Amino acid sequence: MRILNRLYRGVDRTTDVLSFPQISDSKFPHSEILLGDIVINIHQAKRQAAEHGLTFYEELKLLLIHGLLHLLDYDHEKGKYQKTKMRSKEKKLLDAISQ
């Protein structure tokens, strides 16, 4: 994960999840498309689950949702408003799939 993070984002440290979009335009031309790939660092997910008081599978769900939102053009690194917007959407989606 550290190598992928350095190669594709220029950040020389490990991370929990990376998303690689297949399209560069945020306007989706079709109803059925391949959004991209999501890579989850399983070792980091285990550590974070313990830190966050979640089960391993709850942490995986959260990371998958986080990666999916990045593919849908959400970006928590673009400012406080965007971070709040993305966190809110993460919570709503996590609640929806946990019911």
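Summary table
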| item | result |
| --- | --- |
| Where a residue in segment 82-99 is among the basic types (Lys, Arg) and its partner, wherever it lies, is assigned to a helix (DSSP H, G or I) and modelled with pLDDT under 95, with Cβ under 9 Å and at least six apart | Lys83/His76; Lys83/Glu77; Lys85/His76; Arg87/His76 |
| Selected residue (only one of Asp73, Asp95 is assigned to a loop (DSSP other than H, G, I, E, B) and among the acidic types (Asp, Glu)) | Asp73 |
| Hits in segment 41-72 - residues which are surrounded by 11 or more Cβ atoms within 10 Å (Cβ to Cβ) and farther than 23 Å from Ile3 by Cα | Ala50, His52, Leu54, Thr55, Phe56, Glu58, Lys61, Leu72 |
| Top-ranked residue in segment 20-40 [being surrounded by 12 or more Cβ atoms within 10 Å (Cβ to Cβ) and in contact with a strand residue (DSSP E or B) (Cβ under 6 Å, 6 or more places away or on another chain); ranked as modelled with the lowest pLDDT] | Pro21 |
| Conditions (1) assigned to a helix (DSSP H, G or I); (2) surrounded by fewer than 16 Cβ atoms within 10 Å (Cβ to Cβ); number of the one not met by Arg13 | (1) |
| Scope segment 76-90; condition under 18 Å from Leu18 (Cα atoms) and either among the β-branched types (Val, Ile, Thr) or in contact with a Lys or Arg (Cβ under 7 Å, 6 or more places away or on another chain) (or both); matching residues | His76 |
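The values are calculated or read from the model by the stated rules, or taken from the named source; none is laboratory data. Source: prediction; values computed, not measured. For neighbour counting, all protein chains shown are included, and Cβ atoms are generated from backbone atoms with ideal geometry for every residue, glycine included.
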